[in-house]
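Before any comments, here is the structure.
The values are calculated or read from the model by the stated rules, or taken from the named source; none is laboratory data. Because the structure is predicted, anything quoted here is derived from the model rather than measured. Note that we place each Cβ from the backbone using ideal geometry, even for glycine, and neighbour counts take in every protein chain shown. All accessible areas refer to the heavy atoms of the entire protein, side chains included, with ligands and DNA or RNA removed. Shrake-Rupley method; radii C 1.70, N 1.55, O 1.52, S 1.80 Å.
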Amino acid sequence: MAGMAYESVRERPHAPFGEMGRREAAEHARWFASTVGERVGSLRSYALAHGCKGPLDLSRESLLPLWSWFLGRSEVARPPGGGPGRLSGESAALARDINVYLCEAVRSAAWGRLSWGCVPGPRSHAGANRPALLGFAWDLSMAGDGGRPSSAGTASRTPACSWTSSPTGCPRSPAPGPGGRGATGACRSGATS
């Protein structure tokens, strides 16, 4: 992305998510939630100034133009000798904020039923302690079950979108449940910071 200079919100230093205690994770999630508006605004301004066709108004219709724009601009750095590539620095920053945009689009369409928070849990759980979108009525955390309604139809504390790390730095997609009936986890970003 020669000539591009996308500046995202500077990540604040923190312990690895797997090493955070509940209080530290909750504090980090509050800080992260306070940056969502700035992240979405920066992404919107930058994308529109650099050729994205679409309103970028957090609507469903804005998602495809934003993703298409990103795919046309993103760069993957391949290591010498092969192996999985990593998104370049600017592409990775854009991917992280596109993940936030997607989560915020889902949250804004949910009429106040969803909110940013973090998912406490065993430190070995991949999504534990990470900022996430909470409040879904389906428990998507059980791998392979295709989702279960939470008890008494109340909203669960299961993340749908979370800020995760990936060794490749590339976005990951949720895997389908049995027979392709649903996600087994979350729509996760390949955040590298």
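Summary table below
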{"read-out": "Accessible area of region 30-138 divided out per residue, in Å², using a probe of 1.4 angstrom", "value": "50 Å²"}
{"read-out": "Residues whose placed amide H lies under 5 Å from that of L58, excluding near-sequence neighbours", "value": "none"}
{"read-out": "Neighbour cut-off at most 10 other Cβ (10 Å), DSSP loop, trypsin sites (Lys or Arg not before Pro), region 1-73", "value": "R10"}
{"read-out": "Region 1-88 shape via C-alpha gyration tensor axes, a/c threshold 1.5", "value": "oblate"}
{"read-out": "Paramagnetic label zone (point 7 Å from Cα along Cα-to-C-beta, L48; backbone N under 14 Å) in region 78-119", "value": "none"}
{"read-out": "Neighbourhood net charge (13 Å Cβ-Cβ; Lys/Arg +1, Asp/Glu -1) for G85", "value": "+1"}
